[in-house]
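Take a look at the structure set out below.
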Amino acid sequence: MEVRNNFGPGLKKIIYQNAFAEELEGRKINFEREKNINIYSSKTGKVVGNYRPDFLIENKIIVEIKAVDLILKILLTKSIAISRTANMN
């Protein structure tokens, strides 16, 4: 999206979050901010915890805003693990 290009680096995370929300609203994309998502055990199917992403788009896509220039591999791994265990339909 245009947020990073419009605002550049060095601002607080909340500024990028607000700008991203404005961008989604302008494109009429349904989203929720900081919605609790249950995390399920792959063995029992029981809820083992919850996760609250910055954005949940169309009830399918998790978006985390990071105010950094470099995304570390651990952040990508975390995102993959959450999407695999959240059981979002």
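The values are calculated or read from the model by the stated rules, or taken from the named source; none is laboratory data. Worth saying up front: this structure is predicted, and the values here are computed from it rather than measured. Positions of Cβ are generated from backbone atoms using ideal geometry, with glycine treated the same way; all protein chains shown enter the neighbour counts.
Out of all the residues in region 65-79, is one or more exposed (fewer than 14 other Cβ atoms within 10 Å of the Cβ), within 12 Å of the chain's Cα centre (by Cα), modelled with pLDDT under 90 and part of a loop (DSSP other than H, G, I, E, B)? Yes, because at least one residue in region 65-79 is exposed (fewer than 14 other Cβ atoms within 10 Å of the Cβ), within 12 Å of the chain's Cα centre (by Cα), modelled with pLDDT under 90 and part of a loop (DSSP other than H, G, I, E, B).
Scanning region 41-52 turns up no residue that is loosely packed, with under 12 Cβ neighbours inside 10 Å and over 14 Å from residue 86 (Cα atoms). Pairs linking a residue in region 1-24 that is at negative phi to a residue that is among the hydroxyl-bearing types (Ser, Thr, Tyr) and surrounded by 14 or more Cβ atoms within 10 Å (Cβ to Cβ), with Cβ atoms under 7 Å and 6 or more positions apart or on different chains, are 3/16; 7/16.
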